[in-house]
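First comes the structure, then the notes that go with it.
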Amino acid sequence: MPDVTTDPTISDPNPQQGVTTASPRALRTRLVVLTFLMLFVELALIRWLGGSVVYLSYFSNIVLLGSFLGVGLGFLWAGRSEFSLLRFTPLVLGALVLFVHYVPVTLQAVGTDLIFFGRELKPNGPPREVLLPAIFIVVAAVLACIGDGIARTFRQLANLDAYQFDLIGSIVGIVIFTILAFVGAQPIVWGTVSALILLWAIRPKKLGMLVLVCLPLIAMLSTLGIESTKSGVAWTPYYKANYAVLGPNGIGVFVNGIPHWFQVDETKEPIYNTIYERRAATTPPKNVLVIGAGSGNDVQKALDEGAEHIDAVEIDRRLLDLAATYHPKHPYDDPRVTVHIDDGRAFLEQTDQKWDMIVLALPDSLTLVQGASSVRLESFLFTKEAADSYQAHLTDDGVFAMYNNYREFWLVDRYANTLEQTFGTSPCVTHLENRGQAVITVSLQPDAIDCPAQDQWIRDASTPAPVNDDRPFPYLKNPSIPSFYLVALGLILLVSFLSVRLVGGPLRGMGAYTDLFFMGVAFLLLETKNVVQFALLFGTTWLVNALVFGGVLVAVLGAVTLSKRIRVRSPWILYGLLAGSIVINWIIPQHLLLDLPFAVRLVAAVVLAFSPIFLANMVFSQRFRDSGDTTTAFAANLIGAMVGGVLEYVSLMVGYRNLMIVALVLYGLAFLFGRRHLASGASSTAA
């Protein structure tokens, strides 16, 4: 007997009981629109809150976790009560926007074992251990209201039909928000899109409902309109950037409320002069690469030194446009300069060119790669493998230089240690007047560096080890989860438990879907591993990140579409294939993919990354098809994803590769708890 049967009718097993007041087509349209709203609001909150609450961009996953919990709570509520929460979305969302806009808050960001750039700003508001859970709760409340609306539509359709159109709406949400990010849309645009959809979905007619819905939306749009019309503000795909002309040398830029870069007279700044003073060669460098070109100061300095050609790499086009407009010497207009809008590590991996000098120029991004717990945009520039790439792209007597206000001496030592292990020679470390401010230079040829004796770096027993591409956390002194993370995450888990208990009733009601809970936990870990892997292989740019999330949803949609047509009778087959794909991903080291040509690397990365995603959702779809209570089942999976978002912080200790082993164990638990459901479903179909 074959293990798979084809049956076009199994896409409509027994939908949830409910009062169907619209045609299936109307229900599907409503579901797509509401799930679009869910994804769109989630992404908008991640962007807007990160730009409005100083330092929240370092903790943007808190918003993501709140979103997962909120939608899960919305599904639980819809399964228990006929009282709809969707009508309260404008009220909660409007209150959040007004509070954040009119009550400025600066998170605490201090500590010697985990470095936050810009931490010299004084905190304003409650401690981060209180503020982060508070933001988490409010975001969850917003998404719970939207999730309630989704759930009430969701349960009126066949299980897999509903899940399919839920995914379509989410994909459209990512596409539209990505387009708006590309064109630099202001918050008023995000707010207007959300408000129009809420008006369409709620359709207030009576006076009380008009007041409940329209007044908060008007207040929200007025606030966002005021914010969007301020001068000296630009929304890039990564930041809210505030800029102002500070004098004859150009502008200063704050991103997400934190000092980022300032245009200065490079001829008078010791930090720029020191880079070239350390070059022993008396002739100008022919070819110079500047990674993190940003302000234009380093590019202009290279021009001053007589460089024949300069490759300027900058990840944020809008910030570079500001620099090009306001720099008084206009270095980017010089024909000797070629601009590359790209991630620095990805740029190096795609070229065989060599330079006489490579400068790592202030690449402190001040924000996280979305969907990765502690990976910042620049993290992969500071790993041992990155140093190997710098060395490989230098000419025989080429010089590598990096500088910053590193804040802690141990971070300077970590980078110096990384370079020594790569180049085989001790780097030159010149400390300037500010604490932690240093210029580090090194070359394969020791005589290519003119280093004063007191600046010759010497390793000691306390020197932190280099970080690698699997654990790209240079700002974390030792492999650990910092205590403030543990406190905040512990409070989040406690709040989540109480919320689920309050909204969903006794937890035993979710016991029948324990396997779906574990699938949610494991799936989030798979998704995180994919985001990190693609960031390494193709760059930490916003476009790569959006494509990964979109690709994940497309893979899930493919699995659901296939599951509507076929039923796998033996659950161990899918689980076995899933386990095999996870093990293969764990076995294959990432550096092997980096060595491949771009096209081959892309194909290999897609196959490796999305195979577990596809198979995991085949497992989920086969199980979810026959769920008798879709709202509780889907809620269990979403809440599991939230727990997975907490669990991914384990990567700070074990690295991202080993998250695959954690995911494998979790899917094993899902199999143990869910195999009887899959087996019974298959048996009923066979009969």
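A short reminder: the numbers here are calculations on the coordinates, not readings from a lab. On a predicted model such as this, the values are computed, not experimentally measured, just so you know. Heads up, the Cβs are rebuilt from the backbone with ideal geometry, glycines too, and the neighbour counts pull from every protein chain shown.
Measuring nothing but how far apart in sequence close Cα pairs (under 8 Å, 6+ apart) lie, relative to its length, the chain scores a relative contact order of 18 percent.
So if R0 is 60 Å, what FRET efficiency would R25 and T282 give, r being the distance between their Cβ atoms, rounded to the nearest 0.05?
0.20
With θ taken as phi - 60° and the Karplus curve 6.51 cos²θ - 1.76 cosθ + 1.60 applied, the whole-hertz 3J(HN,Hα) list for segment 250-263 is x, 10, x, 10, 10, 10, 6, x, 10, x, 10, 8, 9, 7 Hz, x standing for glycine and proline.
Gain in length, D334 to N658, computed as 0.36 nm per residue apart minus the alpha-carbon separation, to one decimal in nm? Mind dumping the intermediate values first?
Details: separation 324, 0.36 × 324 = 116.64 nm, distance 4.72 nm.
Additional length available on full extension: 111.9 nm.
Once R0 is set to 30 Å, what does the formula 1/(1 + (r/R0)^6) return for the Cβ-Cβ distance between E308 and A392, expressed as a FRET efficiency to the nearest 0.05? Intermediate values should be presented prior to the final figure.
Working: r = 22 Å, r/R0 = 0.72.
Efficiency, from the Cβ-Cβ distance: 0.90.
Report the number of Lys pairs in the chain whose alpha-carbons are under 26 Å apart, with separation of 8 or more residues or on distinct chains. For the chain, the number of qualifying lysine pairs is 17.
Looking at segment 121-261, what % of its DSSP beta bridges pair antiparallel, to the nearest 5?
Values: 12 of 12 bridges.
Antiparallel bridges make up about 100 percent of those DSSP assigns within segment 121-261.
The ellipsoid equivalent to the alpha-carbon distribution of segment 163-280 has semi-axes of 44, 20, 9 angstrom, derived from the gyration tensor eigenvalues as √(5λ) and listed largest first. Give me the angle, in degrees from 0 to 90, between the Cα long axis of helix 659-686 and the longest principal axis of the Cα atoms of the chain, rounded to the nearest 10. Between helix and principal axis, roughly 20 degrees.
Rounded to whole numbers, the Karplus 3J(HN,Hα) couplings from phi for segment 485-492 are 5, 4, 5, 5, 5, x, 5, 4 Hz, using 6.51 cos²θ - 1.76 cosθ + 1.60 with θ = phi - 60°, and x at Gly and Pro. On C-alpha positions alone, give me the angle between the axis of helix 89-102 and the longest principal axis of the chain, in degrees, nearest 10. Helix 89-102 sits roughly 20 degrees off the main axis of the chain. D265 sits among other residues whose Cβ lies under 14 Å from its own Cβ, and their net charge, with Lys and Arg +1 and Asp and Glu -1, is -1. Annotation: cysteines of the chain without a disulfide-compatible partner (Cβ-Cβ under 4.7 angstrom) are C145, C214.
Between beta-carbons, use under 12 Å as the cut-off and find the net charge around N242, counting Lys and Arg +1, Asp and Glu -1. Could the numbers behind the result be given before it?
Values: positive: K230, K240; negative: E227.
Net charge around N242: +1.
Within segment 315-452, antiparallel bridges make up roughly 65 percent of the DSSP beta bridges whose residues both belong there. Net length available on complete extension from F99 to S231 is 45.3 nm, with 0.36 nm assigned per residue and the Cα-Cα distance removed.
Antiparallel versus total DSSP beta bridges in the chain: what percent is that, nearest 5? Walk me through the numbers before you get to the answer.
On the way: 31 of 52 bridges.
DSSP beta bridges in the chain are roughly 60 percent antiparallel.
Give the shape of the chain as rounded, prolate or oblate, defined through the alpha-carbon gyration tensor: a ≥ b ≥ c are the square roots of its eigenvalues, a/c under 1.5 means rounded, and otherwise the shape is prolate if a/b is larger than b/c and oblate if not. In terms of gyration-tensor shape, prolate.
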